[in-house]
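Notes to accompany the following structure.
Just so you know, all these numbers are worked out from the coordinates, no wet-lab data involved. The model shown is predicted, which means the values in this text are computed figures rather than measured ones. Here the Cβ positions follow ideal geometry from the backbone for every residue, glycine too, while neighbour counts run over all protein chains shown.
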Amino acid sequence: MTRKMKDSGVEWIGEIPEDWEVIRLKNMIGFYSGYAFKENELSGSGDKFVLRIGNIQNNKLSINSDTLKTNLNETTLKNQKVLNEDILIAMSGATVGKIVYIEQTVKRLYINQRVGIIRSPLNHLLKYYFLINGFREYIFLNSQGSAQPNISETEILNYMISLPPKSQQKSIADFLDKKTQEIDNIISKTKKAIEEYKRYKQSLITETVTKGLDENVEMKDSGIEWIGEIPEHWDTIKFKDLFKFGSGLTITKSDLLDEGIKVINYGEIHSKYKFDLDINRDELKCVDKSYLENRKNALINKGDFVFCDTSEDREGSGNCIVLRENNDELIFAGSHTVTARLIRNENPIYIRYMIMASSVKEQISSTVVGIKVYSITQAILKTIIGVLPPLKEQEEIANYLDKKCSQIDNIISTKEKLLTEMEAYKKSLIYETVTGKREVE
C-alpha cells in the first residue's frame, strides 16, 4: 500500500510521509564546542588525546602518533569529552561539515576548537542526515570566510531534517546500518582490488624494463644496488647521457587561453596525462603566440619528455609524460616543468616505461628536496640511472607493455566505475530512506 505523502516545505527534503515531521536540530540535540587549548597545554605526551579538524577524515576518526595530547584536568574539559555515540563535526577548513560517528570510544578523547560534538539519543539515526547532499549544500551556502570556510554552531542547530515517528526510528537506523555496511564492504573490496592491480602493473613494468622478455637470457650484475641483475647484453645509462634538458614557460593560470599555441602544464601531468600526451586524443589550453618570439626552446616535439618540477608528495616526484603524437603542431611545456629531449636513437615509449620502473622512481624520490613541496631539478635528473637494452628489444618491450598495461588499465577503469556507482547508490539510498521516500518495514 502506497503511503500518503506531504510537502515538507524544505526544498532539499521534498515530499515526506504524512506522519513524519520537519524539525530543526536545535530542538533535538545538545551541541558542545571545542576547547581553545593554549600552546603550552598541548604536547606529544599526556593521557588525553586532543582531536582537531584534521582528525576527521572520510567519516572516520584518524588518530596516529602525530595526534596531540594534553594533561589538563577533567573538570576543565568536562564539556569537550567525547562519549559513546557522539557525532563529531568539523567546523572549518577544507573538511568543514564532515562528521564521524563515535560508536564506542577506546581512548580518552577531547575536542579542540573548531570541532563540535552533536549529542542526542537519536545519533544512531541522525548520523545519516549529515551524509547526504542536502547537508553538503546547506554547509556550502551557510559557511563563511573566503580563505577558509567556517560554519557556526547556530547554522548547525538551524539545520532542518525530516524525522520519522518514534516507532520507526530504530528500524530505519538498523536498515541503513545493514545496507550501508554491505555497500561499504563492496567499496572496500573494490578499492583493495584496484590497489592490487596498480601494484601488479608497477611490478610488471619494473620487471620487464630491468629483466627483459627472454626468461632464458644470461644475466649480469648491473653494479647498481637498486637495479640488481640485468641481461648480459644490456647497459645502464645516466640521464645526462640520454637527454638534453631544458625548462618550460614561466606562466600562470591567467596566461591560459582558448586559442593560440597549446601548452602542457605540471598540474595536467600530475592529474590527467600521467603517461603520454597525444594531440589526437587530448585537449590542452593555449598561450599567446608571442611566446614564440623568445621561448622557442620551451617547445616540445614528438618523442620529447616533460617532467613536473614540483610535487606535493615524494610519490609524485618525477611524474612526466612523453609526447606520443603532435601531428607537427606546436606545443609548449608550461609552468613548473623540465623538458627532456633524447640525444640518442632510443625508443621513447620504452624510455617512458623505464622512467616508471621502481628502480628509477626510488632514485628520484630519494634525491628530491623539500618538506611540504618536493622539487626536482635538472641537476637531479641528470644523475638518475636507467637500464638500456638494444633498440629492437626496446620496441618489443614497449609494444608488450602497451598491450599489457592497457588491459590492466581497462580492468582498473571498470572497477573505478563500480566504485563511483556504489558511492552514488549509497548516497541515494540514505537520502531516500531518511526522507521517507523509501519505505522500511
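Summary table
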| read-out | value |
| --- | --- |
| Burial ordering of Ile261, Ile355, fewest other beta-carbon atoms within 10 Å first | Ile261, Ile355 |
| Local electrostatic count, His270, Cβ distance below 14 Å [Lys/Arg +1, Asp/Glu -1] | -2 |
| Under 15 Å, Cβ to Cβ, from Glu195 - net charge with Lys/Arg +1 and Asp/Glu -1 | +3 |
| Computed over region 5-163, the ratio Rg/Rh where both radii use C-alpha atoms and Rh is Kirkwood | 1.00 |
| Mean Cβ neighbour count within 10 Å, used as a protection proxy, ranking 161-170, 368-377, 128-137 highest first | 128-137, 161-170, 368-377 |
| Above-threshold pairs, the threshold being 29 Å between Cα atoms, out of Lys189/Lys272; Lys48/Lys426; Lys201/Lys253; Lys244/Lys361 | Lys48/Lys426; Lys201/Lys253 |
| Exposure proxy order (Cβ contacts within 10 Å, fewest to most) of Arg108, Arg52, Arg344 | Arg344, Arg108, Arg52 |
| Residues His270, His233, sorted so that the one with the fewest Cβ neighbours within 10 Å comes first | His233, His270 |
| Kirkwood Rh in Å, taken over region 189-337 so that all alpha-carbon pairs contribute | 17.8 |
| On Cα atoms only, tilt of 166-211 relative to the major axis of the chain in degrees | 10 |
| Alpha carbon convex hull of the chain, projected area averaged over orientations, nm² | 28.3 |
